[in-house]
Structures are given as structure tokens and as C-alpha cells.
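Have a look at the structure below, then the notes.
The values are calculated or read from the model by the stated rules, or taken from the named source; none is laboratory data. If you're wondering where the values come from, they're calculated on a predicted model, not measured in any experiment. Positions of Cβ are backbone-derived with ideal geometry, glycine not excepted, and every protein chain shown enters the neighbour counts.
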Amino acid sequence: MGLARAAMAQHGAVVFTHEQTKGKGQRSKGWVSKKGQNLAFSAVVEPNLLRALPPFTLSMAAAVAAHQLVAKYINEDLTIKWPNDIYWRDRKAAGILIENIWQASEWKFAVIGIGLNVNQTEFGELGDRAVSLKQVTGRELEPVSLAKELCSVLEEKYQLLVTSPSDIVEAYKARLYRLHQQVKLKKGSRVFEASIMDVNVNGQMVVDSGVEEIFNVGEVEWVINDG
């Protein structure tokens, strides 16, 4: 983010870290990552070719890319949980956070942060709400090699977003966690059940709780395994 703000970052630049001590997730939650065991990088996107599109479509593209990479190693029960986590069953394997830099009303840069649990097997207070590739596959994988592979897939999905954004949107929706299923959600002190109907290009989740409701990112929380 500092490089982008200082105009020292170029489109496609990626910063990889072997150790992350203050990882950020959605709703200001932390991202737990042990040294040398996981993939954690930030990729700079200059959205010149995306300015006609809703910014959330870039988030969709990143989620589809991460899902595709993980699906090479875990080919069952893998979904994208709104807004852009990668889930195996009911456990989080990867998280994505996109931070945008605006100059007045102009979208100057997006920084795509991706964290993927690779070889870590203990997640502290997160317990079994998190999962790694090693836990599912029994294999140790090399985080830097995975990161390079993910960069290639990310570039591929970015180009698809530029040329055929509807393909990205449909790919994202086809992989949605709990689509057309009853889930438990929380908004403030209200906990309620609803069926997931859709996620639109603005990143809003559409649910049926007896009536149709539309929620922005960060407006509701998932209640999964009472966690």
C-alpha cells in the first residue's frame, strides 16, 4: 500500500512475505500465519482497464483465481464464501482482502492481499474453523512455488475480467458457499436464518429470510459452528 501511494508500484508487482505478524482480514479481524508455513502476498493492480466495472468484480476475479489454485489440490467440498474466502466444507483455507486507493473519484490502484494456509496445522483459538492444504491432503507444499502459480492464475483471471467480465461473475456465483441453502446470519443483535439467493456485481448478498433482503459487505456476519 505504501509503494502504491508513493507511486512506486507498478501493475503486477507482488510482495511475498515468509512471516506475517499483523495480517488483516475482513471486519478488521486478524489473519493467523506461522513463519514459513503459508502463502501470504499482496499484488498491485492498476485498474485502467476495469474502470467501467464495479470494483467488486476484481474481488470476484481474485476469489475465482484462489479457488482454482486450491482446487488443484483439494477437488471436493471447495467453495467461495461471500465475500471472498475460500472454504473447504465449513473451514477457512484462504482469505482475500482488497484495498483500493482513490484519488478524488478516480480508482488509481487496488492491492489484492491473499493468505492461504499451506502447511500450518495448529490455528490457536481459531481451532477447526481454519484448515490448511496439508491437513486435507496430507502433503507438504512449497509456499513460494504456490505463490508463483497463483500469480499466473490471477493474471489469467484479470485478463478474463477485462475481456469477458460476465464469465468471472458466473464462475464466482457457481462456486458460492451454501448457495440456495439455509444459513444462520447475524446483524447487530439479530440472529436469523435465511437462504442464500445471489451475490451481485456490487458485492451485495441477496437472501430470502421470508422476505428478500440485500446486505453490503460487512453488514452481516456468518454464524458457522456457533463460531
Does residue 75 satisfy the condition of being assigned by TED's automatic domain parsing to the domain that holds residue 36, surrounded by fewer than 18 Cβ atoms within 10 Å (Cβ to Cβ) and either modelled with pLDDT of 95 or more or assigned to a loop (DSSP other than H, G, I, E, B) (or both)? yes
All positions within segment 56-84 that are under 26 Å from residue 1 (Cα atoms) and either in contact with a Ser or Thr (Cβ under 6 Å, 6 or more places away or on another chain) or without any contact (Cβ under 8 Å) to a residue 60 or more places away in the chain (or both): 84
Enumeration of residues in segment 196-226 that are under 18 Å from the mean Cα position of the chain (by Cα) and not β-branched (Val, Ile, Thr): 198, 200, 202, 203, 204, 205, 215, 216, 218, 219, 221, 222
Go through segment 146-168 and give me each residue that's more than 17 Å from the chain's Cα centre (by Cα) and of a type in the set (A, V, I, L, M, F, W, C). 160, 162
Entirely in segment 130-208, the strands (runs of 3 or more DSSP E) that have 1 or more residues that are of a type outside the set (Phe, Trp, Tyr) and in contact with a His (Cβ under 8 Å, 6 or more places away or on another chain): 190-199
Of the numbered conditions (1) under 18 Å from residue 148 (Cα atoms); (2) surrounded by fewer than 20 Cβ atoms within 10 Å (Cβ to Cβ); (3) at pLDDT 95 or above, residue 90 satisfies every one except a single condition; which is it? (1)
